[in-house]
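Worksheet: the structure to be examined is printed underneath.
Nothing in this text is a laboratory measurement; each read-out follows from the coordinates by a stated rule. This one's a predicted model, so the numbers in the text were calculated from it and none came from an experiment. With ideal geometry, Cβ positions are generated from the backbone for all residues, glycine too; neighbour counts draw on all protein chains shown.
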C-alpha cells in the first residue's frame with residue numbers, strides 16, 4: 001500500500017464578480033503523472049456578501065464533471081461538500097462562486113491526502 005501524505009490547503013482570492021470567480025486545486029496546475037489526490041473535506045465561503053450558488057467541478061482537459069450546490073448562500077458561512085473527491089493524473093478541482101460580488105474575498109479549504117503510485121504493474 002502506498003504511503004499517504006496529508007494535504008491541507010487554504011486558497012484565497014478576490015472575486016471579480018463574473019465567470020472568473022473560480023478557485024482551483026491544485027493551485028499550481030493539474031495533478032501530476034503518478035499522483036492521486038483524495039479530497040476528504042472540501043469547504044468554502046465568501047466573507048463579505050451573499051452569493052447565488054457554488055459549482056464544484058473536476059476538469060480533465062475538455063471534459064468537465066460537476067455538481068451545483070443549493071442556491072442562496074449566506075456570507076461568512078462555511079459550506080462543505082460531504083463526499084470524497086478523487087483527482088487523478090491531468091485532473092483539477094474547481095469551485096465556482098456564481099453571483100459573487102466584485103472584490104469579495106473567496107476562500108477554499110481543501111483537506112485530505114495524496115499518494116504516489118509506483119510505475120510498474122504487479123502486487
(message) I need a count of the residues in the stretch 32-73 that are over 26 Å from residue 15 (Cβ atoms) and out of contact with any strand residue (DSSP E or B) (no Cβ under 7 Å at 6 or more places or on another chain).
(response) 4
(request) Count, please, the residues in the stretch 76-97 that happen to be farther than 26 Å from residue 33 by Cα and surrounded by fewer than 14 Cβ atoms within 10 Å (Cβ to Cβ). (result) 5
(message) Restricting to the stretch 34-73, give me the number of residues that are surrounded by fewer than 11 Cβ atoms within 10 Å (Cβ to Cβ) and touching a residue at least 12 places away in the same chain (Cβ under 8 Å).
(response) 3
(request) Could you tell me whether residue 101 is outside any strand (DSSP E or B) and either under 13 Å from the mean Cα position of the chain (by Cα) or in contact (Cβ under 8 Å) with a residue 60 or more places away in the chain (or both)? (result) yes
(message) Taking the criterion of being out of contact with any strand residue (DSSP E or B) (no Cβ under 9 Å at 6 or more places or on another chain), within 19 Å of residue 77 (Cβ to Cβ) and surrounded by 15 or more Cβ atoms within 10 Å (Cβ to Cβ), would at least one residue in the stretch 4-20 satisfy it?
(response) no
